[in-house]
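The structure under discussion appears below in the form of structure tokens.
The values are calculated or read from the model by the stated rules, or taken from the named source; none is laboratory data. As the structure is a prediction and not an experimental result, all values here were calculated from the model. So basically every Cβ, Gly included, is an ideal-geometry build from the backbone, and we count neighbours across all protein chains shown.
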Amino acid sequence: MIMGLIKPTSGDIKLFDSSLAQNRNEIMRKIGCIIEKPDFYTYLTAHENLRLFARAHQLQYTEQQYKDLYELVGLSGREKGKVKTYSHGMKQRLGLAQALLHAPEIIILDEPNTGLDPQGIIDLRQLITKLNAERGMTVLFSSHILSEVQEICTSMIVINKGKTIAQGSVADLLSSESLHVHLEVVQVDKCKLALNQSEWKDLYQMDPNKSVDHFTLKMSKREIPLLIRYLTAQDIDIVGIDYRNQLEEYFLKITHS
């Protein structure tokens, strides 16, 4: 609806203090987007595609500007390759370059990390942060990967079955005071005894979803280093420790999943 691809059944969309219905052309000049998967002329190179899009925007791009854009999105050295040879992740990068061509004030990214490898996800996360911090660009980031939402976003909206059920800053909506911490140890009985003699004696249980050497504790994030030091001092070998992502926990709670 923001991009004008479908019309809302009621209400109005306002961006930059203007009605989208009344000032669509002016507003669209300030917005870039990737909706689902970007599409290109696959028989052309990435550079040829971007030159076409720049011409459509009536932009006079220099070769240095193109070079800077390829470097920004991580396509340096591959811009002369035909798009049909690109992986999905590379097409995502090219889609981002296309969205940034006209230096928008807002960029809309719909599931942009779909199909990216771990390094690609990290690179995209860093790029989004850079665009916001260095260029003052607002990023509307839609994703089902909740850990990425928590890592990237400052504000969020949770939509369930078409309705907004939570909205606000990530820091205000999430709490680090009650995490589910998963602990795996070698000496199970010794760990039980140590926990029963600790401040966490009423806050742990054997993890029913894992093997017998796993414990689950409810505690704050800042307590995790204290727990590790305590168990290490008791000569208990810790195989692994992690905690459930806070946003996942919050999402399941408010959607009753």
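Quickly run through the stretch 156-177 and pick out the residues that are free of Cβ contacts under 8 Å to residues at least 60 places away in the same chain and under 30 Å from Leu231 (Cα atoms). Correct list: Glu177 only.
Against the list (1) at pLDDT below 85; (2) small (Gly, Ala, Ser); (3) surrounded by 13 or more Cβ atoms within 10 Å (Cβ to Cβ), the condition Ala194 fails is (1).
Pairing each residue of the stretch 192-205 that is without any contact (Cβ under 8 Å) to a residue 24 or more places away in the chain with any residue that is in a loop (DSSP other than H, G, I, E, B), provided the two are 6+ apart or on different chains, yields C-beta distances under 7 Å for Leu195/Lys201. Looking only at residues of the stretch 1-34 that are surrounded by fewer than 15 Cβ atoms within 10 Å (Cβ to Cβ) and in contact with a helix residue (DSSP H, G or I) (Cβ under 7 Å, 6 or more places away or on another chain), we find that the one that is nearest to Glu111 (Cα to Cα) is Gly4.
Only one entry in Glu79, Glu63, Glu71 is acidic (Asp, Glu), assigned by TED's automatic domain parsing to the domain that holds Arg135 and either touching a Gly at 6+ places or on another chain (Cβ under 7 Å) or in contact (Cβ under 8 Å) with a residue 24 or more places away in the chain (or both), namely Glu79. Is it the case, given these coordinates, that Gly32 is touching a residue at least 60 places away in the same chain (Cβ under 8 Å), outside any helix (DSSP H, G or I) and of a type in the set (Gly, Ala, Ser)? The answer is yes for Gly32. Do the conditions hold for Met28, that is, is it in the same structural domain as Thr129 (by TED's automatic domain parsing) and within 25 Å of Ser143 (Cβ to Cβ)? Yes; evaluated as a whole, the condition is true for this residue. Taking residues in the stretch 94-108 that are in the same structural domain as Thr138 (by TED's automatic domain parsing) and closer than 14 Å to Arg51 by Cα, and partners anywhere that are polar (S, T, N, Q) and modelled with pLDDT of 90 or more, the pairs with Cβ atoms closer than 8 Å and at least 6 places apart or on different chains are Leu94/Asn49; Gln98/Asn49. For the residues Glu148, Glu184, the requirement of being farther than 27 Å from Gly95 by Cβ and surrounded by 12 or more Cβ atoms within 10 Å (Cβ to Cβ) singles out Glu184. Only residues that are modelled with pLDDT of 90 or more and of a type in the set (A, V, I, L, M) were counted in the stretch 97-127, giving 9. When the stretch 136-164 is filtered for residues that are in a loop (DSSP other than H, G, I, E, B), over 14 Å from Ile106 (Cα atoms) and more than 8 Å from the chain's Cα centre (by Cα), the ones remaining, listed by number, are His144, Thr154, Lys161, Gly162.
Only residues that are at pLDDT 85 or above, closer than 25 Å to Leu203 by Cα and loosely packed, with under 12 Cβ neighbours inside 10 Å were counted across the stretch 151-181, and they come to 0.
For first residues located in the stretch 121-146 and not assigned by TED's automatic domain parsing to the domain that holds Ala97, partners that are in a helix (DSSP H, G or I) and lie 6+ apart or on another chain with Cβ distances below 6 Å do not occur.
Candidates Leu69, Leu75, Leu124, Leu94: the one that is within 18 Å of the chain's Cα centre (by Cα) and surrounded by 20 or more Cβ atoms within 10 Å (Cβ to Cβ) is Leu124.
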